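Reading through the structure tokens given below for one structure.
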Amino acid sequence: MIKFQYDRAADVTDAVRQIAADPEARFIAGGTNLIDLMKYQVERPPRLIDISRLPLTSVEETPGGGLRIGALVPNTDLAYHPLVEQRYPILSSAIMSGASQQLRNMASTGGNLVQRTRCFYFYDVTMACNKRQPGSGCAAIKGINRINAILGTSESCIATHPSDMCVALAVLDAKVHVTGLSGSREIAVVDFHRLPGDTPQIDNNLRRDEIITAIELPAQGFAANHSYLKIRDRLSYAFALVSVAAALELESGRIKTGRLALGGVAHKPWRSVEAEAALRGQAAGPETFARAAEIVLRDAKGFGHNDFKIDLARRAIVRTLTQAANATPQSQADKRIR
Amino acid sequence: MSTDVNRRDPLATTVAFGSIETANAQAAVQATAQQQASKSMSSYIGTPTSRVDGRAKVTGQAKYAGELNVAGLVYGSAVGATVAKGRIVRINADDALKVPGVLDVLTHQNRPRMADNDQAYRDDAAPESGAPYRPLYDDRILFNGQPVALVLAEDWETARYAAMLVRVEYKAEDHVTDLHAARGSAFVVEKPEKPRGDAAKAFAAAAVRHEAEYFIPIEHHNPMELFASTVVWSDDGKLTVYDKTQGVQNVQRYLCGVFGLKSDDVTVMSPFMGGGFGSGLRPQYQVVLAVLGAMSLKRPVRLVLNRAQMYGVGYRPATIERLALGARANGELEAITHEAIAVTSQYEDFSRNDTGWSGILYKSPNARYTHKLARLDLPTSGDMRAPGAATGVYALEAAMDELAVALKLDPVELRLRCYSDRDQNEDLPFTSKSLRECYRQGAEAFGWSKRNPEPRSMRDGKELVGWGMATGVWEALQMPASARIVLTANGHTEVATAASDIGTGTYTIMAQVAADRMGVPIDNVTVRLGDSTLPACPIEGGSWIAASVSHAIIGAADEVRGELLRIAKTMPDTPFADALAGDVVLTNGKLARAGDVARSVPIADVMRHGKVEHIERIKDNTFADISKYARNTHSAVFVEVKIDEEIGIIRVTRAVSAVAAGRILNPKTAGNQVVGSVVGGIGMALHEETLIDHAFGRIMNANIAEYHVPVHADIHDIKVIFVDEPDSIINPLGMKGVGEIGIVGVAAAVANAIYHATGKRVRDLPITLDKLQRQL
């Protein structure tokens, strides 16, 4: 074990002050990813700032009819929260599809956003990885890349973001509340994570001195027509090869609003505004869904082992939109696909 | 034969498992019928019996090799090579040695002395040919992950940290780790199975032919418990080694050889083991490193491998299997050609029998088997549950399914038409072969008669439904073993042998057999095993331990009974004056006339009369010469899959495994073995694969998050049927082992079910959704 200094943050202001003062320090909340990365020597923080005791654990209704979720609400509590289950069932479903009960009990909402890729080459410190060691190269591009990205990749990096929760947050148009030295700001979830470009070591747009304090959900929860479908190599406890979150607002068989985001295919939850525009005003049926899928995957590119994801994603998009339109969302308890 | 032997019990022992739907669900084990009656009516043998060590395990009282606390313990951490082949140029341990708490860093340059000849490193499970790997011996790198240094520190965290600071420079050489790239240079290994007739000619002339190649990737055992050794060094230079191993005496002899120690100087203990699946048959490198550490520091040392390092030991070899089957129009086989190309290391030739199994199952006048090995820059491959059969029978049984399709024959019917009552490889009859009953009872329990033979014909909503089956076969082996029984005057019985219980239930069956033969309640029996100083016992593998040990116990118990009889004959008014050894039994704490148990004397009275506090006997097992018989276990496996074809999701919703394995000693633990094996077979079919980046010769999914085995969500109903199989030839108890038979054929049954559901044949395991999709 690499020795590190352990400090506790007294409050959000103190947390910000501490992280701003020490560029190599890391926040720790549930630790479900950071501890793992420290064991693999991928992360070697000399200092951990424990934020798990900060009072960011409430789920409150907002004046606009939405929900404000504290950054330290455990994933399990969020998934089972009555207001989330009623108004944002796609969020409950996405969370329940991920990890295991034990991990969900420990993992925090904010931590889920900043978890790091599961690319094999990122995790093996003997391998070249631009995300872990900028400039070292990407061994995954010509390596075992079956789990890697097909959208928004760069020559530097083909890693995916592993979160299920964030895919649901993307279709819900959630906002991330952050606080830094210069005050607080909001970042739309879709703008929170980045594409790798030539700086794959930067996962997201959170500044060095900022802490996530809350996630805010707008009033529109798509409780009637939604689905989260996760496709993976076994029926639980595996990361998504492809996952799809679909949310529809229907009006006499036509799509008034359609939202679509994919997981397991890109460096960030992949929301396609263009595909959503193609859904708008159309009949909620297979042709419309197939057209949307075409748009999402128009620029998809495989790297050999992961070529199959392109066609799989196409089928999964159509199926998930169908589940949403039929109001038969995918169950995460019964693994049978609907 | 007596009527007993010919009797077919309509009520086979059945172990039924409810649906396992959530992570918290407990599999309910219910034995619904009793094992066949035995001539010597016994109360424990054949009765479902809970593990005698279960309480110790769930309460944490059972201490494993890496858990033993010793004063002054030193902790080790191994440093692994990061190239697949080459030489160590330089090792710089300066930074590691500077860390407070680090005691030493051992490498090939400063380690204590080790033997310099191959024979010293050859253990009981080593391949006959080749030079066994010598841990930390010299500068040669034979595989990626090979240990190159051992850091020793006062605590584990320090050792692990300092291990990161050891810098190793290599001169890398070109390597090859891809079987497909190396198949051209594979060489033939001699196997005992001889060819029959002219398979090539008969195949060419056959009315219906099927020929295809199948592939099984490298799989790793992944037992829950990590390889661990705690070595206690005493001032007199003697070593007590607590090791995770399937053979304490094997490790003991190995360590004596490697370190030039006298037999009395090394004791190896392994009282509990958290799973082995064959990975612990050979001594693994952590025990050598831990001993090196202890000898060097003259202190107790513990070394536990981490999960990634568990992928740097043995594995199931990737194997390419080619089958060519030729048949008459009625399904009778005319020709079988089975070729296998399997992985071994550059330094040892490990191989098992992949290709000969058809000769045990199916009649064919012509057969040819070829087994080849490809040398790769990997550790030596090794035994993993049903080695050879899990792979070879997968290919055979998938090929038989393809032949049945070509013949338009029901897969069970094809197998019955080809059924062989003799082992054709050896031209011998079987001690017993109740495979027909396996097919019949398995098919009935599964509902096979309702199967529509047409692929893609059965549906359940959106899902395609597929029903597939396969045959399983394994060996029924028994090895020389010795057991000791100590009977105390109060009726307490201690039974001991140097066996391992790798989680299979050896403690429990030893207690059952001893309790029955000594006529005492099972609670009065203490079992000792996993200690190299106990009577000789082979490594725990090959499904041979139960039969081997049980008959040694019977022998020892009979000797104790003989001694009691000798004493009892001297008692006044003895009822045994004219009794011979076979005329008396031990029952309810008494020595009694076999046919008239009322004529008896309490054991305590006998011993008091003889003025003995305990009677101790050690006995080797003895078996009649059965070399004129083939000895095998058999099974029929039926599987239902449901497939969402568009998305590629495969669910194994039902499995029935009907096993013929002679008399079942403990239907509860035996049923558990078969259920676990079926889960393993499902993993083999759908999930398990060690992924190597061949450019680096390095395993990329060396952890149990990315190396997939089935989770609860993947497992549904598994029903186990033990078919009644009286066997009066194989051994006095008529028993065969069940540790391995349960996995054989399962992967083929799943693959065949997937074909039936979809009409798509995926021959490369595991059958992942991308492979299925490629065929759509």
Q | Accessible surface, the range A:227-325, averaged per residue in Å² (probe 1.4 Å) | A | 34 Å²
Q. Of B:Asp724, B:Asp764, which has the most accessible area with a 1.4 Å probe, and how do the rest follow in descending order?
A. B:Asp764, B:Asp724
Q) Ranked from highest to lowest mean number of other Cβ atoms within 10 Å per residue, what is the order of the peptides B:81-89, B:431-439? A) B:431-439, B:81-89
Q.
Taking 35 Å as R0, compute the FRET efficiency from the Cβ-Cβ separation of B:Glu190 and B:Val89 and round it to 0.05.
A. 0.35
Q. Using r as the Cβ-Cβ distance of A:Thr199 and A:Val273, and R0 as 25 Å, what FRET efficiency do you calculate, to the nearest 0.05?
A. 0.60
Q: Scale the Cα Rg of the range B:104-238 by the rule-of-thumb value 2.2 N^0.38 Å and send over the ratio, two decimals.
A: 1.63
(Q) If packing is taken as the average number of other Cβ atoms within 10 Å across a peptide's residues, how do B:60-72, B:233-245, A:48-60 rank, most packed first? (A) B:233-245, A:48-60, B:60-72
Q: Indicate the residues belonging to the range A:227-267 that lose 50 Å² or more of solvent-accessible heavy-atom surface (probe 1.4 Å) upon moving from the chain alone to the assembly of all protein chains, ignoring ligands and nucleic acids.
A: A:Asp233, A:Arg234, A:Leu235
**Q.** the range A:5-52 - Kirkwood radius from inverse mean 1/r over Cα pairs (Å)
**A.** 10.8 Å
Q: Return, ordered by residue number, the residues of the range A:155-170 whose backbone nitrogen is under 20 Å from a label point located 7 Å along Cα→Cβ of A:Lys301.
A: A:155-161
Q: Would you be so kind as to list the residues of the range B:730-776 that have their accessible area lowered by at least 10 Å² in the full protein complex compared with their chain by itself (1.4 Å probe)?
A: B:Thr768, B:Leu769, B:Asp770, B:Gln773, B:Leu776
Q | Cα convex hull of the protein assembly as shown, projected area averaged across orientations, nm² | A | 46.6 nm²
Q.
I need to check one value: relative contact order of chain B, counting alpha carbon pairs closer than 8 Å and at least 6 residues apart, in percent.
A. 18 percent
(Q) Quick check: Cα centre of the range A:225-254 to Cα centre of the range B:626-689, how many Å? (A) 33 Å
Q. Tell me, what is the per residue accessible area of the range A:5-52 in Å², probe radius 1.4 Å?
A. 48 Å²
Q. When Cβ neighbours within 10 Å are restricted to other protein chains, what is their mean count per residue of peptide A:117-128?
A. 4
Q: Label chain A by shape, choosing from rounded, prolate and oblate, from the square roots a ≥ b ≥ c of the eigenvalues of the Cα gyration tensor; if a/c is under 1.5 it is rounded, and otherwise prolate applies when a/b is larger than b/c, oblate when it is not.
A: oblate
Q.
If I histogram all Cα-Cα distances within the range B:611-659 using bins 10 Å wide from 0, what percent of pairs lands in each bin?
A. 16, 19, 17, 15, 16, 11, 5, 1
Q. Which of the peptides B:563-573, B:295-305 is most tightly packed, and how do the rest follow, judged by the mean count of other Cβ atoms within 10 Å per residue?
A. B:295-305, B:563-573
(Q) Cut-off under 15 Å on the C-alpha distance; same-chain residues fewer than 8 positions from B:Lys771 excluded. Which aspartates and glutamates are left, in chain and number order? (A) A:Asp233, A:Asp307, A:Asp311, B:Asp644, B:Glu645, B:Glu646, B:Glu688, B:Glu689
Q | Cleavage-rule hits (GluC sites (Glu not before Pro)) in the range B:119-188: DSSP loop, at most 13 neighbouring Cβ within 10 angstrom | A | B:Glu128, B:Glu173
(Q) Given points 7 Å out from each Cα along the Cα-Cβ axis, report the A:Arg338 to A:Gln133 separation in nanometres with one decimal. (A) 4.8 nm
Q.
Run the simple label-point estimate for B:Met479 and A:Arg53 please: 7 Å along Cα→C-beta, distance reported in nm.
A. 5.7 nm
(Q) At 1.4 Å probe size, what's the solvent-accessible area of B:Phe277? Round to the nearest 10 Å². (A) 80 Å²
**Q.** Projected label distance in nm at B:Arg55 and A:Asn105, using a 7 Å step from Cα toward the beta-carbon
**A.** 2.7 nm
Q) Which residues of the range B:643-666 end up with at least 20 Å² less accessible area in the presence of all protein chains than when their chain stands alone, using a 1.4 Å probe? A) B:Asp644, B:Glu646, B:Ile647, B:Ile649, B:Arg651
**Q.** Accessible-area composition of the protein assembly as shown, carbon plus sulfur, in percent [1.4 Å probe]
**A.** 50 percent
Q) Which whole-number value in Å² is the accessible area per residue of chain B, probe 1.4 Å? A) 36 Å²
Q) Tell me which aspartates and glutamates have Cα within less than 20 Å of B:Lys569's Cα, excluding those fewer than 8 residues away on the same chain? A) B:Asp558, B:Glu559, B:Asp578, B:Asp583, B:Asp596, B:Asp605, B:Glu613, B:Glu616
Q: Between the alpha-carbon centers of the range B:222-244 and the range B:254-327, tell me the distance in whole angstrom.
A: 11 Å
Q. Say R0 is 60 Å: what FRET efficiency, to the nearest 0.05, do B:Arg459 and B:Ser129 get from their beta-carbon distance?
A. 0.70
Q | Length gained when the stretch B:Lys450-B:Ile626 is fully extended (0.36 nm per residue, less Cα-Cα span) | A | 59.2 nm
Q) When chain A is modelled as a GNM with alpha-carbon springs shorter than 10 Å, which of A:Pro63, A:Pro218, A:Pro74 fluctuates the most? A) A:Pro63
Q. Classify chain B: rounded, prolate or oblate, from the alpha-carbon gyration tensor (a ≥ b ≥ c, eigenvalue square roots; a/c under 1.5 rounded; otherwise prolate if a/b is larger than b/c)?
A. oblate
Q. Which of these, A:Ala290, A:Ala324, A:Ala266, has the largest mean-square fluctuation under a Gaussian network model of chain A (Cα springs below 10 Å)?
A. A:Ala290
Q. Pick from A:Leu151, A:Leu321, A:Leu181: which residue has the top mean-square fluctuation in a GNM of chain A where Cα pairs under 10 Å get a spring?
A. A:Leu181
Q. Taking the Cβ of B:Ser270 as the center, what net charge do the other residues with Cβ under 15 Å away carry, scoring Lys and Arg +1 and Asp and Glu -1?
A. -2
Q) So what's the Cα pair-distance distribution over the range B:458-519, bin width 10 Å, in %? A) 15, 31, 18, 12, 12, 10, 3
Q: Round to a whole angstrom and tell me the spacing of the C-alpha centers of the range B:103-148 and the range B:523-580.
A: 41 Å
Q. Hey, got the Cα dimensions of the range A:120-259 along the principal axes, in Å, largest first?
A. 55, 44, 26
(Q) Could you compute how much accessible area chains A and B hide from each other, both sides summed, with a 1.4 Å probe? Nearest 100 Å² is fine. (A) 3500 Å²
Q. If the label point is 7 Å along Cα→Cβ of B:Thr570, which residues in the range B:601-628 have backbone nitrogen under 12 Å from it?
A. B:607-612
(Q) With a cut-off of 8 Å between alpha carbons and a minimum separation of six or more residues, what is the relative contact order of chain A in percent? (A) 17 percent
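The values are calculated or read from the model by the stated rules, or taken from the named source; none is laboratory data. Note that the structure is predicted; figures quoted are calculated from it, not measured. Counting neighbours? That spans all protein chains shown, and the Cβs are built from the backbone with ideal geometry, glycine included. Protein only, heavy atoms only, side chains kept; ligands, DNA and RNA dropped before computing areas. Shrake-Rupley method; radii C 1.70, N 1.55, O 1.52, S 1.80 Å.
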